[in-house]
Each structure stands twice: as C-alpha cells, then as structure tokens.
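Report on the following structure.
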Amino acid sequence: MSPNKRRRTSSRCEEQKNMQKHTADECFYYHTLDTLPPEVLEIVLRLLPLHDVATAVRLVSRRCLNVATIVLNASFLIAGTKLENAMKHIETMIMKVKTGADLLTFSRVFNILEMVMAQYKMLRAVTWRYTHPSKPEKFSRLCFYAGSLLDNLNSLLHRAINCPVSLLGLQRPDSNIFFFISDCKRFMNYFEKISECRVNRSVLVSGCKAVDVLDCLAEGRQVLSFNILSNEGIKNDIISMKLKYVIKRAWFTCLKIPSMPDENSWKDQQRFMYLRLRRLVSSVNEHYYENLRYERELLLQEPSIPPPRIPPVSTYSGYGEYGGQFFYYGNMNKYAYESKIKSLPVTDHENAQDDIEEIHGTPCFNLIIAVELKCSLELAPFTVRTLLQSNELEIYTKTPNRPEIYLKLDIMCPASMANRLPGNFTWELNSSRHIRHSS
C-alpha cells in the first residue's frame, strides 16, 4: 500500500472513530436524569429507598421534584392499602391458629397494627388536602417528603406479612413501633408549621381538616344527620352534616387572658386549634388501644401463660396560649380516672358526681364535641369523599363553582364545669376568611 493511500485510510478510520464517539456522547447526553421520559424516571425512582428520593433526588431540579412528589405521594396512599391488607392477613391467621399461645401472639400483633393504623389515619388527616388537592390549580401540590418514615412503615408492613412475631418485644411492642409513632408526630408538627402555613391562605384551602382529625377517634363518633343539598342554577352541591364526638375522661377549657400585640395571625390561630385537637385525639387513641390490648389478653388468658400487666396510670395534659386565650386540654386512661375518684373523700366524690351528671345527663368527665358543617363537595371531610362516587367528584371538580364552607364546633366540658371553670367553647370557620371563637 502506498504511503498516500495509507494516510487516507488512517484518516478515514479516525473520522469514523470520532463520529462513533460523538454519537455515543449524544446518546449519553440524551439519557440523563433530566431528559428521561417522566414515566421512565418514575419507574426508576420507585426502585430507590424513599428516603433517598425525598432527600436527594427531589432536590436535583424542578423536574425531579415533580416526579419525586408523584412517587412519594403515591407511596403514602399505597402504604394505607398495604396496611389494610396486613391487618386482614393477621385476622386470617387468628382464625387459623390452633393453640391459645398462638392466638395470644397474633392478637398482640393485630393490636400493634391497630396502633400503626391510627397513626396513619392521623397522618392522612393532616396532609391529604395538600398532597392530593381536588383542584391543584389553586396551589401547587405539596410533597409527602417524609421518605424515611415511609421506608420504616413499609419495613413494618413487610415484617407483619412475612414474620409477624418480629413486631413483638419481650413485654411490649418492638422498639421500631415507638420510633415510627415518634417520627409521625415530629413530621406532622413540622408539616403544619412549615408546609401547610405556606399555602393555607383561607378556610377554602384547609377545608374540614378539624373534622378529619376528629374522625380519627377510635370510638365515640356519631353521625346525627347527613344530606347533600343541591343549589339550583349554581351547580354547587352542598354537604350538610351534624356530628357528635364523645371523648371519655377528657377535658378542654379556654380562659381569657391579656393578648400580645403580635398574636393576631389567622394562620397561627387555625394551626394551633388543629394542633390541640390532634394531640387530644392521639392521646385518647393511645389510651384506648392500650386498654383494648389488656382486655384482649385478659380474655385469652390461659393457666400456662402469666396474666397480663394492668396498664399503668396515665394522664396527658396540654396547654398553650395565643391571641388572648389560654387553652388547657387532656385526658386520662381508665385507671387514672379510677385512682382519682377513689382518692377523693366520700362527700367530695358525691358532690362532684352530682355536679357532673346534672349537665344534660352526660356521663362524668365525658367531653362532648358537637359539629355543624355545611360545605362544598371539594372541601368535604375525607370520610365523605370516600362515600361519594369517583365520577361525581370528577364532574364536580371540573365544573366552575364558588366553594363555600361553614364549620362550627361546640365543645362542652363537664369536667371544667365541675371545677368551676368555663365549660363551653365555640369555634367557627366560614368562607369569608373570618375565624370566630367564644367561650
């Protein structure tokens, strides 16, 4: 081969190599994180730990944020379905066991899942209006960014299906259960203080969140009336409800105090009210499930099994002040109440009992919360939306309308009256962005 021909051949080879390299670079550039189709990127993110999706991928770019939000929000809803399936699985195992020891073991596991479900429902009550708004054009959809919390929940559910006994400790549930409950409380506090406050500009955003929180009570909920009113010519159906919540051995009182000049934020007034209700409901549920576990174990007790421990005396109380009002609220479990009543002198006990039972014949120390609600379908409580057909909600959300809401909470506290404290408190919300309360 002549030198000229050799040079021409080598130059052609170099050109082909450069073209191949350039083509490879283009392919590599085309398949970056920002250029993948969103459906493909979503599939990839579902393979990662949700903690990494929330703390790393979500912060890369706006596009990654949008896809990560879809993955995290969907994972939270899917976790609820998984939790329901896990509870059904344990119920099936309870029906199949043959020994008393196995029956007691699976009963304890089921009680643990009930506690986890109570936390999940409260998480949903706090976040679902913002992570899955009926009309996303009103504000940008928020992200359920507690990735590690979701990873822990999925891990607990995996153990519940494949090795239920691993959820049990020596004398109490596994420590991971308490870590999960603690993480839920911290996340809800942060979400309400930071994320919710940023978008909650009126009651037309938060809607019936107070009712969602009260609906998380394990017992004591009563639906007195429920109607869907149709406004002719406006295409704006209205939900009309009256509910009653009876909370055993609980109190809620409000005292007037001098107000600070900087305590006039509508957002903070609303947030603190949600916080009080949420903490009260959570405490009541914890006492309820603790006592339920004890009663179940007592019922399933066998001679060969040591008797269950009586739950310790437990009392929760919270307080706070804002906008010229001081709130004191809480509840006690059955054993704390019995200890308190037995410790009173006979005469004092009789007088206290008479004072409490004189109030509309309610049982002593039962907190009564009466709710009157009228609102548009898009602002309705979660329990109502699950009852409606999906096509009804879809037609409504696509129809131009003017949403409205009126929510009134009447709280009556016999325990406060018995102690010569204000026993009635009223909290109202309406769609004119005005919040009213009286005691």
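Run residue 223 past the list (1) in a helix (DSSP H, G or I); (2) open to solvent by 40 Å² or more (accessible area, probe 1.4 Å) and report the number of the one that doesn't hold.
(1)
Restricting to segment 153-167, give me the number of residues that are in a helix (DSSP H, G or I) and open to solvent by 30 Å² or more (accessible area, probe 1.4 Å).
8
On the phi > 0 side of the Ramachandran plot, surrounded by 14 or more Cβ atoms within 10 Å (Cβ to Cβ) and not aliphatic (A, V, I, L, M): which single residue out of 271, 249 fits that description?
Only one candidate passes the filter, namely 249.
Could you please find all residues in segment 317-327 being at pLDDT 90 or above and buried (at least 18 other Cβ atoms within 10 Å of the Cβ)?
Result: 325, 327.
Any residue at all in segment 141-158 that's farther than 17 Å from residue 73 by Cβ, hydrophobic (A, V, I, L, M, F, W, C) and touching a helix residue (DSSP H, G or I) at 6+ places or on another chain (Cβ under 9 Å)?
Yes, that holds for at least one residue.
So which residues in segment 88-110 are open to solvent by 30 Å² or more (accessible area, probe 1.4 Å), hydroxyl-bearing (Ser, Thr, Tyr) and within 24 Å of residue 178 (Cβ to Cβ), if there are any at all?
Listed by number, the list holds a single entry, 105.
What do you reckon, is residue 117 in contact with a Gly (Cβ under 9 Å, 6 or more places away or on another chain), among the hydrophobic types (A, V, I, L, M, F, W, C) and either within 29 Å of residue 293 (Cα to Cα) or in the same structural domain as residue 215 (by the TED database) (or both)?
Against the criterion (in contact with a Gly (Cβ under 9 Å, 6 or more places away or on another chain), among the hydrophobic types (A, V, I, L, M, F, W, C) and either within 29 Å of residue 293 (Cα to Cα) or in the same structural domain as residue 215 (by the TED database) (or both)), residue 117 qualifies.
Could you list, in sequence order, the residues of segment 111-152 that are in contact with a strand residue (DSSP E or B) (Cβ under 9 Å, 6 or more places away or on another chain) and open to solvent by 10 Å² or more (accessible area, probe 1.4 Å)?
115, the sole residue that qualifies.
Looking at segment 168-208 only, could you name the residues that are in a helix (DSSP H, G or I), among the small types (Gly, Ala, Ser) and either open to solvent by less than 30 Å² (accessible area, probe 1.4 Å) or farther than 21 Å from residue 121 by Cβ (or both)?
Selection gives 175, 195, 206.
So which residues in segment 209-220 are over 19 Å from residue 271 (Cα atoms) and either assigned to a helix (DSSP H, G or I) or out of contact with any strand residue (DSSP E or B) (no Cβ under 9 Å at 6 or more places or on another chain) (or both), if there are any at all?
Within segment 209-220, 218 is the sole residue that qualifies.
For residue 76, state whether it is crowded, with 21+ Cβ neighbours inside 10 Å and assigned to a helix (DSSP H, G or I).
For residue 76, the condition - crowded, with 21+ Cβ neighbours inside 10 Å and assigned to a helix (DSSP H, G or I) - is met.
Could you list, in sequence order, the residues of segment 305-316 that are loosely packed, with under 14 Cβ neighbours inside 10 Å and either within 14 Å of residue 172 (Cα to Cα) or without any contact (Cβ under 8 Å) to a residue 12 or more places away in the chain (or both)?
306, 307, 309, 310, 312, listed by residue number.
Name the residues in segment 274-301 that are open to solvent by less than 70 Å² (accessible area, probe 1.4 Å) and over 21 Å from the mean Cα position of the chain (by Cα), would you?
291, 292, 293, 294, 296, 297, 300
Under 6 Å between Cβ atoms, at least 6 apart or on separate chains: pull out the pairs that start in segment 279-298 with a residue that is on the phi < 0 side of the Ramachandran plot and end on any residue that is among the aromatic types (Phe, Trp, Tyr).
Listed by first residue and then by second, the contacts come to 280/329; 283/316.
Just need a number here: residues in segment 209-220 that are open to solvent by 20 Å² or more (accessible area, probe 1.4 Å) and under 20 Å from residue 388 (Cβ atoms).
Summing the residues that are open to solvent by 20 Å² or more (accessible area, probe 1.4 Å) and under 20 Å from residue 388 (Cβ atoms) in segment 209-220 gives 1.
The values are calculated or read from the model by the stated rules, or taken from the named source; none is laboratory data. In this text, all values refer to a predicted model and were calculated from it rather than measured experimentally. When we count neighbours, we look across all protein chains shown, and the Cβ atoms used for this are built from the backbone with ideal geometry, even at glycine. For accessibility, only protein heavy atoms count, side chains too; no ligands or nucleic acids. Shrake-Rupley method; radii C 1.70, N 1.55, O 1.52, S 1.80 Å.
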